[in-house]
Amino acid sequence: MPTTTTAGMSATATPLTVPTTVPEAGFTWCGSDCAPDGFIDQFPVGWQASTLSGVTGFQFVNPQQPDQVAVFKRLDNPTATADQLLAGEIQAVYAGKPGYETPQPPAGQAATIGGETWSTASIAYMNNQTKEHVTICATVHQGKNFVLEFQAPDTQFAQVSTAYYNIMIGKFQFTQTGTP
């Protein structure tokens with residue numbers, strides 16, 4: 001069968017699809033900015049979104065209270081299970097912090113986020129005079145490692161989770177990464 005070509009035409013990559021639905025009240029989409037990193041999600045209006053240094057992903061920070069933070073990371077060299085990834089993240093990022101408290105409940109509790117099973121754990125550490133609570137979630141999705149971290153002062157964590165983090169977790173979606 002003969003092949004026909006059209007002079008002057010070239011193939012272009014199809015843009016990633018981002019949500020067109022209205023976000024929850026008080027939230028906005030991290031759609032086209034986050035989609036190339038493998039996810040989309042909503043974050044609170046007024047929070048600052050910024051790319052992470054040295055790793056693929058985004059950080060969302062409440063400028064009124066900078067220790068209210070949500071971090072979304074994608075690691076492209078999966079070499080571990082979700083439980084091993086979770087343990088490695090805790091060891092690398094939190095175990096050396098002052099007043100570090102081991103995961104409670106024990107690491108490896110399961111949660112479903114974005115239709116995928118995640119391994120989760122909560123830890124605590126001291127930031128100056130404030131006890132910080134952090135919940136870390138890890139999964140391997142389509143050959144890529146994803147880590148979510150949600151932090152707030154321990155005395156505020158339940159309230160911040162209800163107001164912000166639970167909505168973010170409920171709206172998290174994976175996207176296709178790479179070129180189509």
Selection from the stretch 70-92 of residues that are modelled with pLDDT of 95 or more and surrounded by fewer than 19 Cβ atoms within 10 Å (Cβ to Cβ): none
Close pairs (8 angstrom Cβ cut-off, 6 or more residues apart or separate chains): without any contact (Cβ under 8 Å) to a residue 12 or more places away in the chain and at positive phi in the stretch 135-162, open to solvent by less than 50 Å² (accessible area, probe 1.4 Å) and of a type in the set (Ser, Thr, Tyr) anywhere: none
Members of the stretch 151-171 that are outside any helix (DSSP H, G or I) and under 16 Å from the mean Cα position of the chain (by Cα): Gln151, Ala152
Residues of the stretch 55-69 that turn out to be closer than 18 Å to Phe39 by Cα and either of a type in the set (Phe, Trp, Tyr) or open to solvent by 50 Å² or more (accessible area, probe 1.4 Å) (or both), as a count: 3
Of all residues making up the stretch 96-155, the number that are farther than 18 Å from Phe174 by Cβ and among the basic types (Lys, Arg): 2
Verdict on Phe39 being open to solvent by less than 20 Å² (accessible area, probe 1.4 Å), touching a Ser or Thr at 6+ places or on another chain (Cβ under 9 Å), touching a residue at least 40 places away in the same chain (Cβ under 8 Å) and within 23 Å of Thr162 (Cβ to Cβ): yes
Filtered residues of the stretch 125-143 (kept if among the hydrophobic types (A, V, I, L, M, F, W, C) and open to solvent by 10 Å² or more (accessible area, probe 1.4 Å)): Met126, Val140
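The values are calculated or read from the model by the stated rules, or taken from the named source; none is laboratory data. All of these numbers come straight from a predicted model, not from anything done at the bench. Glycine also receives a Cβ, built like all others from the backbone with ideal geometry; neighbour counts cover every protein chain displayed. Remember, those area values only see protein heavy atoms, side chains included, never the ligands or the DNA or RNA. Shrake-Rupley method; radii C 1.70, N 1.55, O 1.52, S 1.80 Å.
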